[in-house]
1. May I ask you to verify whether Gly138 is closer than 30 Å to Val221 by Cα, at pLDDT 85 or above, out of contact with any strand residue (DSSP E or B) (no Cβ under 9 Å at 6 or more places or on another chain) and assigned by TED's automatic domain parsing to the domain that holds Cys52?
2. Which members of the stretch 67-93 meet the condition of being surrounded by 15 or more Cβ atoms within 10 Å (Cβ to Cβ) and outside any helix (DSSP H, G or I)?
3. Assuming Tyr168 fulfils every condition listed in (1) surrounded by 16 or more Cβ atoms within 10 Å (Cβ to Cβ); (2) under 21 Å from the mean Cα position of the chain (by Cα) apart from one, which condition is it?
4. Within the stretch 110-133, how many residues turn out to be more than 18 Å from the chain's Cα centre (by Cα) and more than 13 Å from Ile84 (Cβ to Cβ)?
5. Within the stretch 126-142, is even one residue free of Cβ contacts under 8 Å to residues at least 24 places away in the same chain and over 22 Å from Val36 (Cβ atoms)?
6. Is it the case, given these coordinates, that Arg245 is surrounded by 12 or more Cβ atoms within 10 Å (Cβ to Cβ), of a type in the set (D, E, K, R) and modelled with pLDDT of 80 or more?
7. Do the conditions hold for Gly213, that is, is it of a type outside the set (A, V, I, L, M, F, W, C), out of contact with any Cys (no Cβ under 8 Å at 6 or more places or on another chain) and within 30 Å of Leu27 (Cβ to Cβ)?
Amino acid sequence: MSTTSIDPYATNGTHPANRFLYRLNPLAKLGAPLPVMAVLAFTRDLLTPTLCIALAVAIILIGARLTRPVALLLFVGLPVVVGIMSFSFGLWTDPGKVDQSVLLFQIGDYRFFLGALLVGLATALRLASLLVLALIGGLTSTGPDVVRAMIQQLHVPYRIGYTALAAYRFVPRFGHELEVIRSAHRVRGMAEGRGPIAAVRRTAGYVVPLLAGAIRHAERVALAMDSRAFGAHRTRTERYRVPFRARDWIFMILFWLVSATIVWWSLTAGPGPVTRG
């Protein structure tokens with residue numbers, strides 16, 4: 001029996017079966033954050049995105065395998081990026097439209113107030129919350145399982161779904177072929193020179209062989225699909241099922257309830273960054 005990232009009996013190092021997010025349907029993990037992500041596009045306060053980030057991080061810590069790159073992203077990279085974006089967005093904020101009670105610094109005639117920093121922080125937190133919410137499904141779902149779930153649950157035509165899956169498979173193959181082309185150019189002495197002009201010349205030399213390899217690979221895939229009568233019937237037999245179970249509904253409903261509570265509490269707790277209109 002084949003095992004996948006959502007199979008409860010899959011016990012490999014990449015998708016441990018004792019973490020519940022890997023056992024959920026990919027559509028449940030993608031659909032659960034969508035409502036609150038849409039709401040975040042219209043919020044202007046600090047509390048809503050902050051609580052959404054805390055909720056998403058808690059779910060990832062409990063339900064996913066936290067690798068070192070993911071841990072660095074969540075606990076080091078994310079705060080640094082939020083700080084940089086807050087300051088950058090604050091610089092672009094009109095000083096005449098924010099609270100000017102606290103002056104942080106002044107350069108010439110330009111004054112940077114705390115209100116501008118808070119407005120930039122609100123924007124940065126919204127972007128960070130969207131990223132972390134997307135990681136709930138992105139870290140624990142594979143591209144093939146998402147496509148299979150869309151075909152089986154959303155009834156996307158398998159001709160479209162598996163064409164997208166074939167295109168998805170092209171990406172790592174292009175990376176491998178690019179490394180082969182670079183190695184061949186270095187062996188033949190075609191990668192000499194430094195500086196931006198030499199880099200552009202080398203990159204231009206990769207385009208033609210990479211395009212030729214992509215055409216050859218696409219032709220092989222098309223011939224293989226035709227030889228297997230792909231698209232000749234309305235439905236096809238799946239290698240394995242990606243079921244949508246009761247636990248997927250429970251996860252989505254609980255997530256919706258918690259996120260709705262966060263939004264309601266944030267709206268009633270107080271205003272966002274102070275502006276003048």
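1. Spelling it out, Gly138 is indeed closer than 30 Å to Val221 by Cα, at pLDDT 85 or above, out of contact with any strand residue (DSSP E or B) (no Cβ under 9 Å at 6 or more places or on another chain) and assigned by TED's automatic domain parsing to the domain that holds Cys52.
2. Passing the criteria: only Thr93.
3. All conditions are met except number (1).
4. Within the stretch 110-133, residues that are more than 18 Å from the chain's Cα centre (by Cα) and more than 13 Å from Ile84 (Cβ to Cβ) number 10.
5. No: the stretch 126-142 contains no residue that is free of Cβ contacts under 8 Å to residues at least 24 places away in the same chain and over 22 Å from Val36 (Cβ atoms).
6. Here the answer is yes, as Arg245 does meet what is asked.
7. no
Residue by residue, here is whether (1) in contact with a Ser or Thr (Cβ under 7 Å, 6 or more places away or on another chain); (2) surrounded by 12 or more Cβ atoms within 10 Å (Cβ to Cβ); (3) modelled with pLDDT of 75 or more holds:
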| site | (1), (2), (3) |
| --- | --- |
| His155 | no, no, yes |
| Phe174 | no, yes, yes |
| Ile181 | no, yes, yes |
| Ala191 | no, yes, no |
| Leu210 | no, yes, yes |
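The values are calculated or read from the model by the stated rules, or taken from the named source; none is laboratory data. Note that the structure is predicted; figures quoted are calculated from it, not measured. Methodologically, a virtual Cβ is constructed for each residue, glycine included, from the backbone with ideal geometry; neighbour enumeration extends over all protein chains shown.
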